Amino acid sequence: LTVYNKMVLPTSYGDLKAEYDRLIHDVAIWDVAAERQVQISGPDADRCAQYLTARDLSNMREGQGKYVAMCDHEGRILNDPVLMKLSGGRYWFSLADNDMVLWCKAVAREKGFDVEVVEPDVSPLGLQGPKAEDLVADLFGDHIREIKFFGFIETELDGIPLVLCRSGWSKQGGFEMFLQDGSRGNELYAKCMEAGAKYNIGPGAPNHVERVESGLLSWGGDNTPDSNPFEVGMGRYTDTECEDDFIGKSALKAVVAHGGPE
Ligand code: THG
């Protein structure tokens with residue numbers, strides 16, 4: 001176990017080799033409820049989400065996710081969430097491990113944005129591996145095969161409300177189910193285990209061997225408190241020419257222009 005976003009995050013079920021093999025060949029189920037969401041909603045949600053994000057969001061559509069950096073005013077990366085744009089003008093920052101809800105609330109208030117910033121009752125459950133798509137199609141229907149990477153639908157499974165997204169912290173393919181009722185987690189887990197039996201499903205956790213092989217960033221492990229997005233492979237997700245302002249923009253422009261602060 002470890003503690004992540006102030007929650008217990010399982011790190012292994014006792015057999016790392018079996019967990020790795022399952023991820024590479026079959027399908028693994030990951031309790032990643034510790035990936036907390038910061039939800040931004042209200043009339044200024046677009047402006048607020050953009051101001052918090054070092055990536056141009058002007059072309060972002062509902063039902064889309066984007067991997068983004070959130071930076072401080074010096075351009076130092078504070079978090080590398082998957083940002084999702086939901087119906088009703090809501091955004092979820094799906095977070096790595098630090099206290100972004102405090103930052104987002106303070107920034108929103110100090111900037112005078114007309115938004116509500118909360119950590120909603122949302123608990124992601126991951127299905128990762130080459131057989132994840134077949135399993136998710138058995139559970140939800142073949143239409144889920146059309147979902148593109150980081151695309152999502154707001155749906156339910158036998159009345160359990162969730163957001164189904166093609167995402168996850170591996171390169172083996174898979175989905176995350178963002179459960180929207182924490183009291184129904186055991187039920188959702190049991191349904192996945194039952195339907196997954198024929199695909200050799202078993203428990204696992206975000207896998208550091210596979211994620212290093214696949215080049216996925218781990219915030220807090222692969223960066224220092226001073227790193228900017230360009231130093232950790234997030235330059236291609238960083239838009240210093242973005243029309244709207246965002247926190248860290250001028251510092252990051254200086255990095256692009258001459259490798260560091262003026
Ligand atoms: N899922 C969700 N939230 C998360 C994570 C997750 N929040 C914390 C942490 N994990 C965020 N970190 C990452 C890092 C990389 C990716 C996803 C989350 C990722 N990267 C691909 C890459 O770098 O190749 C694709 C990026 C892209 O093409 O845009 O998938 O796992 N919900």
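Please treat every number below as a calculation from the coordinates, not as lab data. Being a predicted model, the structure only gives us computed values, none of them experimental. All Cβ positions, glycine included, derive from the backbone under ideal geometry; neighbour counts span all protein chains shown.
Based on what the data block shows, is Thr11 surrounded by fewer than 17 Cβ atoms within 10 Å (Cβ to Cβ), within 16 Å of the ligand (Cβ to nearest atom) and in contact (Cβ under 8 Å) with a residue 40 or more places away in the chain? I'd like the intermediate steps shown before the answer.
Working: surrounded by fewer than 17 Cβ atoms within 10 Å (Cβ to Cβ): yes; within 16 Å of the ligand (Cβ to nearest atom): yes; in contact (Cβ under 8 Å) with a residue 40 or more places away in the chain: yes.
Yes: the conditions hold for Thr11.
Provide a single number: the residues in the range 141-153 that are in contact with a strand residue (DSSP E or B) (Cβ under 9 Å, 6 or more places away or on another chain) and surrounded by fewer than 20 Cβ atoms within 10 Å (Cβ to Cβ). It would help to see each step written out before you state the result.
Step one: filter the range 141-153 for residues in contact with a strand residue (DSSP E or B) (Cβ under 9 Å, 6 or more places away or on another chain), giving 143-144, 147-153.
Then drop every residue that is not surrounded by fewer than 20 Cβ atoms within 10 Å (Cβ to Cβ), which leaves 143-144, 147-151, 153.
Of the residues in that region, 8 qualify.
Conditions (1) touching a residue at least 60 places away in the same chain (Cβ under 8 Å); (2) under 18 Å from Gln128 (Cα atoms); (3) in contact with a strand residue (DSSP E or B) (Cβ under 8 Å, 6 or more places away or on another chain); (4) not aliphatic (A, V, I, L, M), marked per residue:
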position	(1), (2), (3), (4)
Leu1	no, no, yes, no
Lys6	no, no, no, yes
Gln37	yes, no, yes, yes
Ala49	no, no, yes, no
Go through the range 97-150 and report how many residues are under 27 Å from Pro225 (Cα atoms), assigned to a helix (DSSP H, G or I) and within 16 Å of the ligand (Cβ to nearest atom). 4
Can you tell me which residues in the range 165-212 are surrounded by fewer than 16 Cβ atoms within 10 Å (Cβ to Cβ) and either assigned to a loop (DSSP other than H, G, I, E, B) or within 12 Å of the ligand (Cβ to nearest atom) (or both)? Lys171, Asn200
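Give Met177, Met193 a once-over and let me know the one that is hydrophobic (A, V, I, L, M, F, W, C) and touching a residue at least 60 places away in the same chain (Cβ under 8 Å).
Met193
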Only one of (1) under 14 Å from the mean Cα position of the chain (by Cα); (2) surrounded by fewer than 23 Cβ atoms within 10 Å (Cβ to Cβ) fails for Met84. Which number is that? (2)
Does the range 238-254 contain any residue that is farther than 22 Å from Met60 by Cα, within 16 Å of the ligand (Cβ to nearest atom) and without any contact (Cβ under 8 Å) to a residue 24 or more places away in the chain? no
Hey, any hits in the range 55-76 for a residue that's within 13 Å of the ligand (Cβ to nearest atom), among the β-branched types (Val, Ile, Thr) and over 30 Å from Tyr13 (Cα atoms)? yes
Check the range 241-256 and report whether any residue there is in a loop (DSSP other than H, G, I, E, B) and among the hydroxyl-bearing types (Ser, Thr, Tyr). no
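Which residue is surrounded by the fewest Cβ atoms within 10 Å (Cβ to Cβ), if the candidates are limited to the range 14-34 and must be of a type in the set (Asp, Glu) and assigned to a loop (DSSP other than H, G, I, E, B)?
First pass over the range 14-34, keeping only residues of a type in the set (Asp, Glu): 15, 19, 21, 26, 31.
If we keep only those that are assigned to a loop (DSSP other than H, G, I, E, B) as well, we get 15, 26.
Values: Asp15: 13, Asp26: 18.
Among those residues, the one meeting the criterion is Asp15.
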Give the residues of the range 214-228 that are within 12 Å of the ligand (Cβ to nearest atom) and either of a type outside the set (Ser, Thr, Tyr) or part of a loop (DSSP other than H, G, I, E, B) (or both), sorted by residue number. Gly215, Leu216, Leu217, Ser218, Trp219, Gly220, Gly221, Asp222, Asn223
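Of everything in the range 75-94, what is among the hydrophobic types (A, V, I, L, M, F, W, C) and under 27 Å from Ala254 (Cα atoms)? Give them in sequence order. Show your work before the answer.
Going through the range 75-94, the residues among the hydrophobic types (A, V, I, L, M, F, W, C) turn out to be 77-78, 82-84, 86, 92-93.
Answer for the range 75-94, where residues must be among the hydrophobic types (A, V, I, L, M, F, W, C) and under 27 Å from Ala254 (Cα atoms): Ile77, Leu78, Val82, Leu83, Phe93.
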